[in-house]
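First the structure, in the form of structure tokens, and then the observations on it.
The values are calculated or read from the model by the stated rules, or taken from the named source; none is laboratory data. All of these numbers come straight from a predicted model, not from anything done at the bench. Glycine gets a Cβ as well: all are built from the backbone with ideal geometry, and neighbour counts include every protein chain shown.
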Amino acid sequence: MEPHAKYEIHPPVFPTQLHRDTAELVNHFFLAKPAVDTVLVVNSCARGQASPESDLDFAILIKPGIPEIEINLLEKAWKVYVEQQSSILKYRQSNPYAHLHLDLIDGHYIPEHAGKGEPINYFELEIGNQLCYSAPMHSPGDYFLQLRKEWLPFYSEELRSQRLKMATDACRYDLNHIPIFTKRELYFQAFDILYKAFQEFLQALFISNRVYPIAYNKWIKEQIVNRLNKPELYNSLLPILSVRNFESDEINENAIMLNQLLENMQNNI
């Protein structure tokens, strides 16, 4: 039985026949390999939101216990195969933005800690895009279904508490850092930190709501309005990254607004 209805497994939806034909070539290559559990389409094509300009993104889930040397050989074989396929070349030449991204994954999701001032940790994004919102090219493998049972609908409460504190502490640290940069007239650096804090707020928001995210830099309205059902919050977030005059107090004021939203979120947990 599936872990949660909102993460039901759906087939991929391709925006063009060329996308579909290329995806079938990827599927044909990897399905024949004993080390592969499931060929997963990820990102826009997996969610039925792709356009003709969208990339083709795959996560190839490797079965547990496969030696690293065998995985490396599989990667090399794939690179040779790609160069021999005129259809893949045709897809790549179809428009300047037609890219084929493919990662071999082992299903080991490690909740590494991101300290204050460090880059955002993408632990939740990996689980979300690879296990929740991905679309198998064929019948899902046993390992894929096992991972879904392990990680869905969300990870443990103990880990959630740790991750939520990590994200909120990181967000608050960056917001408190912004006035230091603006005081030194480092406005572009201050804005860069504001954007980072914005994404850390989103990370904390999804953790607090026990929902895996899609991204922190796109599909924001789709996620907050449709998946979290928080249209009022979305409207409150719209002004945060809007700055008319960089060399003013606007960035500081926006940081204060985001900090208030962070406080409100924590008070409602």
task: Being within 14 Å of PRO140 (Cα to Cα) and modelled with pLDDT under 95 is the filter here, so list the residues in segment 31-48 that pass it.
output: LEU31
- request: Could you list all residues from segment 161-184 that are among the basic types (Lys, Arg) and under 23 Å from the mean Cα position of the chain (by Cα)?
  value: ARG163, LYS165, ARG172
- request: Return the residue satisfying two criteria in turn: it lies in segment 213-262 and is of a type in the set (Asp, Glu) and within 24 Å of the chain's Cα centre (by Cα), and of such residues it is surrounded by the most Cβ atoms within 10 Å (Cβ to Cβ).
  value: GLU222
message: For segment 250-269, give me the residue count where each residue is modelled with pLDDT of 95 or more and either part of a loop (DSSP other than H, G, I, E, B) or charged (D, E, K, R) (or both).
response: 3
query: surrounded by 18 or more Cβ atoms within 10 Å (Cβ to Cβ) and in a helix (DSSP H, G or I): does that describe ILE178?
result: yes
task: Have a look at SER134, SER51 and point out the one that is polar (S, T, N, Q) and farther than 20 Å from LEU18 by Cβ.
output: SER134
task: Would you check if there is a residue in segment 62-78 being modelled with pLDDT of 90 or more, more than 23 Å from VAL211 (Cα to Cα), touching a Cys at 6+ places or on another chain (Cβ under 9 Å) and in a loop (DSSP other than H, G, I, E, B)?
output: no
task: Specify which of the listed residues (TYR91, TYR81) is in contact with a Leu (Cβ under 7 Å, 6 or more places away or on another chain), in a helix (DSSP H, G or I), touching a residue at least 40 places away in the same chain (Cβ under 8 Å) and farther than 30 Å from LYS165 by Cα.
output: TYR91
query: So which residues in segment 187-208 are surrounded by 17 or more Cβ atoms within 10 Å (Cβ to Cβ) and without any contact (Cβ under 8 Å) to a residue 40 or more places away in the chain, if there are any at all?
result: ILE193, LEU202
query: Only one of GLY141, GLY107 is buried (at least 17 other Cβ atoms within 10 Å of the Cβ), at positive phi and assigned by TED's automatic domain parsing to the domain that holds ILE71; which?
result: GLY107
field: Per-region count, segment 213-229, residues more than 18 Å from SER51 (Cα to Cα) and either touching a His at 6+ places or on another chain (Cβ under 6 Å) or not in a loop (DSSP other than H, G, I, E, B) (or both)
entry: 5
message: Whether any residue in segment 22-40 is outside any strand (DSSP E or B), β-branched (Val, Ile, Thr) and out of contact with any Cys (no Cβ under 6 Å at 6 or more places or on another chain) is what I want to check.
response: yes
query: If you check every pair at least six apart or on different chains, which have Cβ atoms under 7 Å apart with a residue in segment 57-70 that is in contact (Cβ under 8 Å) with a residue 24 or more places away in the chain and crowded, with 17+ Cβ neighbours inside 10 Å first and a residue that is polar (S, T, N, Q) and assigned to a strand (DSSP E or B) second?
result: LEU61/THR38
field: Residue list for segment 59-97, restricted to those being polar (S, T, N, Q) and over 18 Å from LYS33 (Cβ atoms)
entry: SER86, SER87, GLN93, SER94, ASN95
field: Unique residue being under 30 Å from ASN226 (Cα atoms), assigned to a strand (DSSP E or B) and not assigned by TED's automatic domain parsing to the domain that holds LYS221 when the list is HIS19, HIS101, HIS10
entry: HIS101
task: Determine, yes or no, whether ARG210 is outside any helix (DSSP H, G or I), over 13 Å from the mean Cα position of the chain (by Cα) and more than 30 Å from ARG184 (Cβ to Cβ).
output: yes
